Amino acid sequence: MRLYALLATLAGALLAVPGPVGWRLPSHSPRFERPGDVVLGGSFCILRFYNAVSLDFTALPAGPASSRVSSWGYRVAQSFVFAVEEINRSTHLLPNLTLGFSIRNSGDSVHGAMHETIAFLTGQEDPVPNYSCHRGPPRAAMVGDTRSALSVAMARLLGLYKFPQVSYASTLPTLSDKTQFPSFLRTRASDLTASYAVTQLVLHLGWSWVGILTQDDDFGQQAGNLASQELGQAGVCIDFHLHVPSHQSPEKTDAIAQKMEKSTATGVLVFLSNSNIQLILQRLVGIRVLGQVWVSETLVHTVIALATPGASWVLQGAFGLKLRSSHAHGLSEFFAHLHPSRTPEDMFLRRFWEATFGCRWPHSTDTEPSDMQLCSGNETLRDHKYPFQEVSRLEAAYPAVYSIAHALQDMVLCENENRECGDPVHFQPWQLLQPLRKVSFQTPDGTHIMFDANGDLVTKFDVLQGQWSPEGQFYFVHIGKVDPHPSLENRMMILLKDSVQVPSSVCSTSCEPGSSQIPQQGAPHCCFECRPCPEGQFADQRGAQVCEIIQSKDHCLPRTEIFLAFDEPLGLVLTVVSLALASLACLILGVFLWFQKTPVVRANNRALSYVLLVSLSLCALSPLLFLGRPSTTTCLLRQITFAVVFTVAVSCVLAKTLTVVLAFQATRPGQRVRICLGPCASSSVVLAASLVQIILCGVWLGTSPPFPHRDTASEPGHLVLQCHEGSGIAFSCVLGYLGLLAIGTFSVAFLARGLPDTFNETKFLTFSMLLFCSVWTAFLPLYFSARGKATVAVEVFSILASTAGLLGGIFFPKCYLILLKPERNTPPSLRHEPSAQRDLGKGDPPSHPFQQHHFS
């Protein structure tokens, strides 16, 4: 009897258990479902969970509670819905099949992701592992989740059943291991793929001296090790490899920034999260670390999202890789039309609406503040703006849905290896896995989607560079692309625009041909010094490691030809100065012709002044014969032209000086020099002096004229193109005659500087000839000590300086009086006003009027 009573008691206790699963906790997770012939699952972080800690053992433990809405997660879920609806409207993709979906909230927790995955597989609200009571349409695949930790947990479970899973955001490299995760695929590049693309871009840029900045976690270590290995195999040296702590540590961050400041590497590979990039940027901006060029896969999104003040100055010229993803046309308009009244079955939309507009719906079950205003229903998402970090990667779920749809179509159309057709209504999920791995299609916007052997998306990147716009705005401009190599596995093909300015990041510049690299003691092999090859050895390539011994001298190595060219900076400056002086001389000549009847012009022998101005303009133009590649014609003309035009100029100054001296002698009683003051006297002096120089030049040209010459001794490794003077004696005679003529002119002008008269210009002539003689006295030692094209530069400078001295010393005072003091340019003023006399260089009024000799 006692046994029967015990059994009855146990039976009553069992009957008191509410249902067959009474030992499990109740679960009421929100979801958004829509029926179809085939159902796709979606796991998204829409409502974030938090665990309420309770120590009360008298009641059931509370399940995870949702705290806030992730607007980014909900919008990604809506891109999933948009893709399903677009496929259902298509007449080409699954035309006789309607896709349904079941959107579930993982809560950004492993517990939530696992629970919703099991619930989707079993079709039960309170799921039991490995047990399914689902009797509806087949469940094809699961799309999700966001974080890699969630996707790993889901993939381990789904992999047991070979149930297809396509993630839209998980980037953990371990997920590429098909031994652990046989049914996992993703439409994002893994972290190592992006890191490898960054490394390939650095190699393409030709950098040999870089730094690496990684995060102190598994991702950072894997990315940093991959970069170090690839760069080391390519011969690239690493100046620093710094690890940024995952947790905030101002002291360590400051130390990292200071090490980067001291680095000589221009290029920096960056493998950091958004928050750590922000911290490093803040420190670098604070200590003004400029000139480094960052290369990162996440840099483009991060900089725009964080908008760190001053970051644009640090990141000027930075390179960023952006995943080339598909664009869902019409998705923005789809978002704008969302409203709870249109989709009442969407249990997440009301929560999203409340979080977006800061209101609450009537009879809301959520614990919202009671004083929060009620939602009117008139709110609209059309004009709502979202931060950049919520807009980026919204469309990642879009190609995931399309890949599953194309796999279903391939399975239905027997487009598989075994040519076995699947029943679109009755099939096992593992039957879809093989077609899914082999899909290759284009999305409606033309983006090509396919997976590699590891289930990773065959990745293509766009290369962007941070630049400043003319308006002063910092932005990233598209400069190239990174594509998988068509024939080489695990290699990438990089194409950059020709206009891209690539900075250099080297420890030492490559040595020129003719020298070898000598490693610096205690430094990496990328740091070296250049040493010329010794006699009997050669290096015919740039960056040669060693000089090779010359075994047989059967050919010559071409040397670099150098000469003073028009387009180089020095030649350009000399050309501009030459043209400016010639133009100034012509301008002064025009002034004298315009005011030719004024006393100042008539009193200084107009004819000689005109000849002198013309000769000075030719003197200013003669340096143009010294510039450019020497030829036979220019070699014959340059020294001859220089000697003749300067002789004419100096002889004009001599004639003007002699005229003044003879004029004063003629004023004395009994003097017969008046006959030397005729109109032909000054012209005879110029012709006679110039004729002697012309004869000397003719003898020079007739005996040993100048010729083009290639100088191989002045500068080793270079071929100096210059004009050889031919006969050194003839050249010396020409210069010597010009020097004697200049010294004689200076002596006569100096002795006559004290002659009284208003119209006496010998003081100006003396000053100009002093400048002329000083320039050419300094010219001689510089000319004979210079080598190469410096010889030409010295002579051209001397020609221009002496021309400027004659032009300014003689004519500037006269132009000043003509143009700025016209009231004093009259005979009475010149004879009686002290100021006018000072303007012309006089001291006292004339004691002897000299009005009868105006030398006009």
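The values are calculated or read from the model by the stated rules, or taken from the named source; none is laboratory data. Computed from a predicted structure; not experimentally measured. FYI the Cβ positions are ideal-geometry reconstructions off the backbone, even for glycines, and counts take in every protein chain you see.
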**Prompt:** Taking the condition within 30 Å of residue 720 (Cβ to Cβ), hydroxyl-bearing (Ser, Thr, Tyr), touching a strand residue (DSSP E or B) at 6+ places or on another chain (Cβ under 8 Å) and at pLDDT 85 or above, does residue 632 pass?
**Reply:** yes
**Prompt:** For the range 260-295, how many residues are in a helix (DSSP H, G or I) and of a type outside the set (D, E, K, R)?
**Reply:** 13
**Total residues in the range 533-557, condition within 29 Å of the chain's Cα centre (by Cα) and not in a loop (DSSP other than H, G, I, E, B)** = 0
**Message:** From the list 221, 233, 229, 180, exactly one residue is surrounded by fewer than 17 Cβ atoms within 10 Å (Cβ to Cβ), outside the structural domain of residue 484 (by TED's automatic domain parsing) and of a type in the set (S, T, N, Q). Which is it?
**Reply:** 180
**Asked** Does the range 741-752 contain at least one residue that is without any contact (Cβ under 8 Å) to a residue 12 or more places away in the chain, over 20 Å from residue 796 (Cβ atoms) and part of a loop (DSSP other than H, G, I, E, B)?
**Response** no
**Message:** Within the range 331-338, does at least one residue satisfy the condition of being in the same structural domain as residue 227 (by TED's automatic domain parsing), assigned to a loop (DSSP other than H, G, I, E, B) and at pLDDT 85 or above?
**Reply:** no
**Asked** Is the range 836-843 home to any residue that is surrounded by fewer than 14 Cβ atoms within 10 Å (Cβ to Cβ), farther than 21 Å from residue 648 by Cβ and modelled with pLDDT under 75?
**Response** yes
**Asked** Of the residues that make up the range 567-580, is at least one touching a residue at least 40 places away in the same chain (Cβ under 8 Å), assigned to a loop (DSSP other than H, G, I, E, B) and of a type in the set (A, V, I, L, M, F, W, C)?
**Response** no
**Request:** Starting from residues that are free of Cβ contacts under 8 Å to residues at least 60 places away in the same chain and closer than 19 Å to residue 795 by Cβ, keep the ones in the range 581-615 and report whichever is surrounded by the fewest Cβ atoms within 10 Å (Cβ to Cβ).
**Result:** 582
**Message:** Exactly one of these conditions fails for residue 118: (1) under 17 Å from residue 30 (Cβ atoms); (2) in contact (Cβ under 8 Å) with a residue 40 or more places away in the chain; (3) not in a loop (DSSP other than H, G, I, E, B). Give me its number.
**Reply:** (2)
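Conditions (1) modelled with pLDDT of 80 or more; (2) under 19 Å from residue 722 (Cα atoms); (3) assigned by TED's automatic domain parsing to the domain that holds residue 689; (4) more than 56 Å from the chain's Cα centre (by Cα), marked per residue:
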site: 736; (1), (2), (3), (4): yes, no, yes, yes
site: 759; (1), (2), (3), (4): no, no, yes, yes
site: 782; (1), (2), (3), (4): yes, yes, yes, no
site: 795; (1), (2), (3), (4): yes, yes, yes, no
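Wholly within the range 149-259, which strands (runs of 3 or more DSSP E) include no fewer than the required count, namely at least 3 residues that are hydrophobic (A, V, I, L, M, F, W, C) and at pLDDT 90 or above?
Where strands (runs of 3 or more DSSP E) fall fully within the range 149-259 and carry at least 3 residues being hydrophobic (A, V, I, L, M, F, W, C) and at pLDDT 90 or above, they are 209-215, 237-244.
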**Request:** Go through 774, 768 for me and flag whichever is over 52 Å from the mean Cα position of the chain (by Cα), assigned to a helix (DSSP H, G or I) and small (Gly, Ala, Ser).
**Result:** 768
**Prompt:** Identify, please: which residue in the range 313-330 is among the hydrophobic types (A, V, I, L, M, F, W, C) and in a strand (DSSP E or B) and is, among those, surrounded by the fewest Cβ atoms within 10 Å (Cβ to Cβ)?
**Reply:** 323
**Item:** the range 616-645 residues that are among the basic types (Lys, Arg), paired with ones that are assigned to a helix (DSSP H, G or I) (beta carbon under 6 Å, 6 or more apart)
**Value:** 638/625
**Residue in the range 88-98 that is among the polar types (S, T, N, Q) and in contact with a Lys or Arg (Cβ under 7 Å, 6 or more places away or on another chain) present** = no
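Residues checked against (1) touching a Pro at 6+ places or on another chain (Cβ under 9 Å); (2) more than 30 Å from residue 710 (Cβ to Cβ):
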| residue | (1), (2) |
| --- | --- |
| 767 | no, yes |
| 772 | no, yes |
| 778 | no, no |
| 781 | no, no |
| 800 | yes, no |
| 809 | no, yes |
| 814 | no, yes |
| 818 | no, yes |
| 822 | no, yes |
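Filter the strands (runs of 3 or more DSSP E) completely within the range 438-532 down to those with at least 2 residues that are more than 30 Å from residue 398 (Cα to Cα). Don't jump to the end; show me each part of the working.
Numbers: elements: 440-442, 448-450, 461-468, 474-484, 492-496, 515-519, 528-532.
Here the list reads 461-468, 515-519, 528-532.
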**Hey, residue 132 at pLDDT below 90 and in a loop (DSSP other than H, G, I, E, B) or not** = yes
**Prompt:** If you go through the range 159-169, how many residues are surrounded by fewer than 24 Cβ atoms within 10 Å (Cβ to Cβ) and either touching a residue at least 12 places away in the same chain (Cβ under 8 Å) or outside the structural domain of residue 73 (by TED's automatic domain parsing) (or both)?
**Reply:** 4
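Does any residue of the range 489-499 turn out to be of a type in the set (Ser, Thr, Tyr) and in contact (Cβ under 8 Å) with a residue 24 or more places away in the chain? Step through it out loud before you land on a result.
Step one: list which residues in the range 489-499 are of a type in the set (Ser, Thr, Tyr), which gives 499.
With the extra rule that they be in contact (Cβ under 8 Å) with a residue 24 or more places away in the chain, the set shrinks to none.
Looking through the range 489-499, none of the residues is of a type in the set (Ser, Thr, Tyr) and in contact (Cβ under 8 Å) with a residue 24 or more places away in the chain.
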**Fill in**
Restricting the range 680-722 to residues that are within 22 Å of residue 634 (Cα to Cα) and among the β-branched types (Val, Ile, Thr), the one modelled with the lowest pLDDT turns out to be 712
